[in-house]
1. So is Gly90 surrounded by fewer than 14 Cβ atoms within 10 Å (Cβ to Cβ), at pLDDT below 85 and outside the structural domain of Pro48 (by the TED database) or not?
2. Counting just the residues of the range 1-21 that are among the polar types (S, T, N, Q) and in contact (Cβ under 8 Å) with a residue 40 or more places away in the chain, which one comes out least open to solvent (accessible area, probe 1.4 Å)?
3. Among the residues of the range 64-80, write down those that are modelled with pLDDT of 70 or more and not aromatic (Phe, Trp, Tyr).
4. What are the pairs with Cβ atoms under 6 angstrom where one residue, in the range 270-287, is more than 19 Å from Lys260 (Cβ to Cβ) and open to solvent by 70 Å² or more (accessible area, probe 1.4 Å) and the other, located anywhere, is among the hydrophobic types (A, V, I, L, M, F, W, C) and assigned to a helix (DSSP H, G or I)? Sequence gap at least six, or different chains.
5. Based on what the data block shows, is Arg67 free of Cβ contacts under 8 Å to residues at least 60 places away in the same chain and surrounded by 14 or more Cβ atoms within 10 Å (Cβ to Cβ)?
6. Among the listed residues Leu84, Leu38, Leu24, identify the single one that is open to solvent by less than 80 Å² (accessible area, probe 1.4 Å) and either touching a Cys at 6+ places or on another chain (Cβ under 7 Å) or within 30 Å of Leu243 (Cα to Cα) (or both).
7. Which ones in the range 253-288 are more than 20 Å from Arg174 (Cβ to Cβ) and part of a helix (DSSP H, G or I)?
8. Regarding the range 119-129, can at least one residue be identified that is open to solvent by 50 Å² or more (accessible area, probe 1.4 Å), closer than 22 Å to Glu63 by Cβ and touching a helix residue (DSSP H, G or I) at 6+ places or on another chain (Cβ under 7 Å)?
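The values are calculated or read from the model by the stated rules, or taken from the named source; none is laboratory data. Owing to the predicted nature of the structure, the values given are computational and were not obtained by experimental measurement. Because the Cβ atoms are built from the backbone with ideal geometry, glycine has one as well, and the counts that use them run over all protein chains shown. Please note that ligands, DNA and RNA were not included when accessible areas were found on the heavy atoms of the full protein model with its side chains. Shrake-Rupley method; radii C 1.70, N 1.55, O 1.52, S 1.80 Å.
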Amino acid sequence: MIRSMTAFARGSRNADGIELVWELRSVNHRYLEVQPRLPEDFRQLDAPVREAVARRLGRGKVECGLRYRAAGANVEDLQINQPLLDQVLGAVAQIRAEQPELREPDIMQVLSWPGVTLAKAADLSPVEAQAMALLEQTLDDLRATREREGARLGALLESRCALLQEQVDKARQRMPKVIEAVRERLRARLAEISDSLDEQRLEQEMALLAQRLDVDEEMDRLATHLQEVRQVLQRDEPVGRRLDFLMQELNREANTLGSKSADSETTAISVEMKVLIEQMREQVQNIE
C-alpha cells in the first residue's frame with residue numbers, strides 16, 4: 001500500500017489537571033526530516049520524538065508540535081540562595097556607604113537578582129511518559145491518514161496508467177499506416193522527378209526510412225514501464241522515489257515517439273502521453 005506524505009493529525013489528553021496536545025503536520029520531502037517543536041520543559045524529548053517518527057514514517061517533512069498546560073504551578077517550593085543573597089546585600093551596603101545619595105533597592109529587586117531564588121521544578125518524568133504515549137497514538141492517526149490519501153493517489157495513478165496504455169495501443173496500430181503513407185508520398189514525389197526509378201535503391205531507402213520511423217522499441221519500453229508502475233503501487237514500502245524515476249523513463253519514451261512522428265495523429269498521441277505522464281508525476285511527488 002502506498003502512502004501520501006501530506007497529512008495532519010491531532011491528539012490530546014486532559015486528565016489530572018494536565019493537558020497535552022500533539023499536532024503533527026507532514027508534507028512532501030526528498031528524505032525524512034523531523035522538526036520537533038517542544039516546550040522548554042520538554043526539550044529532552046527531542047531525540048525520542050525523532051526516533052518515534054522514524055519508526056513509523058519513511059519520507060516527508062514532519063512537524064511535531066507539543067502543547068502542555070498544568071492546572072497548578074510547576075514548582076514544588078522556593079528556596080533562597082543564602083550565600084549569594086549575603087553577597088548581594090553586602091555589595092548594596094558597601095555602595096550605600098560610599099554613595100549615600102543612591103536609592104536603596106527594594107526587596108523584590110534583590111530577589112530578582114539572578115540566582116538569588118532557587119525554584120525546584122516538579123518531576124515531569126510521568127508527564128513525559130504520557131506525552132510519548134500520546135505521540136504514538138497520534139502517529140498512528142497520521143499514518144492512517146497518509147494511507148487513506150495514498151489509496152486515493154494509487155487509484156488515480158492506476159487510472160492514468162490505463163489511459164496511457166490506450167495511447168500506446170493506438171500508437172502501435174497507427175504506425176503501419178504512417179509508414180505506408182510516407183512510402184506512398186515518397187513514391188509520388190520521386191515519380192515527378194524521373195520516370196525511370198531504381199526500384200531496388202528505392203526499396204532500400206524505404207527500409208531505412210521505416211527503420212527510422214519505427215517506434216516498436218519505444219512502445220515496448222512504455223508498456224514495460226507501465227507494468228512496473230502497477231507492480232510498484234502494490235508494494236508495502238516507500239516507493240515514491242522509484243515511481244519518480246519511472247515517470248522520467250516514461251517521459252523519455254513519449255518524447256522519442258514525438259520526435260519520430262510523421263503525421264499529426266501520432267504527434268497528438270505523443271502530446272496526450274506527456275500530459276498523462278505529467279499528471280502522474282505531480283501526484284508521485286506526494287507519495288512516500
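1. Details: surrounded by fewer than 14 Cβ atoms within 10 Å (Cβ to Cβ): yes; at pLDDT below 85: no; outside the structural domain of Pro48 (by the TED database): yes.
So Gly90 fails the test.
2. Initial filter on the range 1-21 (among the polar types (S, T, N, Q)): 4, 6, 12, 14.
Within this subset, residues satisfying the condition of being in contact (Cβ under 8 Å) with a residue 40 or more places away in the chain are 4, 6, 12.
On the way: Ser4: 2, Thr6: 67, Ser12: 73 Å².
Filtering first and then ranking leaves Ser4.
3. So in the range 64-80, the residues modelled with pLDDT of 70 or more come out as 64-70, 79-80.
Result: Cys64, Gly65, Leu66, Arg67, Arg69, Ala70, Gln79, Ile80.
4. Between residues of the range 270-287 that are more than 19 Å from Lys260 (Cβ to Cβ) and open to solvent by 70 Å² or more (accessible area, probe 1.4 Å) and residues that are among the hydrophobic types (A, V, I, L, M, F, W, C) and assigned to a helix (DSSP H, G or I), the close pairs are Arg281/Met247.
5. Details: free of Cβ contacts under 8 Å to residues at least 60 places away in the same chain: yes; surrounded by 14 or more Cβ atoms within 10 Å (Cβ to Cβ): no.
Against the criterion (free of Cβ contacts under 8 Å to residues at least 60 places away in the same chain and surrounded by 14 or more Cβ atoms within 10 Å (Cβ to Cβ)), Arg67 does not qualify.
6. Details: Leu84 fails: either touching a Cys at 6+ places or on another chain (Cβ under 7 Å) or within 30 Å of Leu243 (Cα to Cα) (or both); Leu38 fails: either touching a Cys at 6+ places or on another chain (Cβ under 7 Å) or within 30 Å of Leu243 (Cα to Cα) (or both).
None of the others qualify; the one that does is Leu24.
7. Listed by number, the residues that qualify are Glu278, Gln279, Met280, Arg281, Glu282, Gln283, Val284.
8. Filtering the range 119-129 down to residues open to solvent by 50 Å² or more (accessible area, probe 1.4 Å) leaves 119-121, 123, 125-126, 129.
Those left that are additionally closer than 22 Å to Glu63 by Cβ: none.
No, the range 119-129 contains no residue that is open to solvent by 50 Å² or more (accessible area, probe 1.4 Å), closer than 22 Å to Glu63 by Cβ and touching a helix residue (DSSP H, G or I) at 6+ places or on another chain (Cβ under 7 Å).
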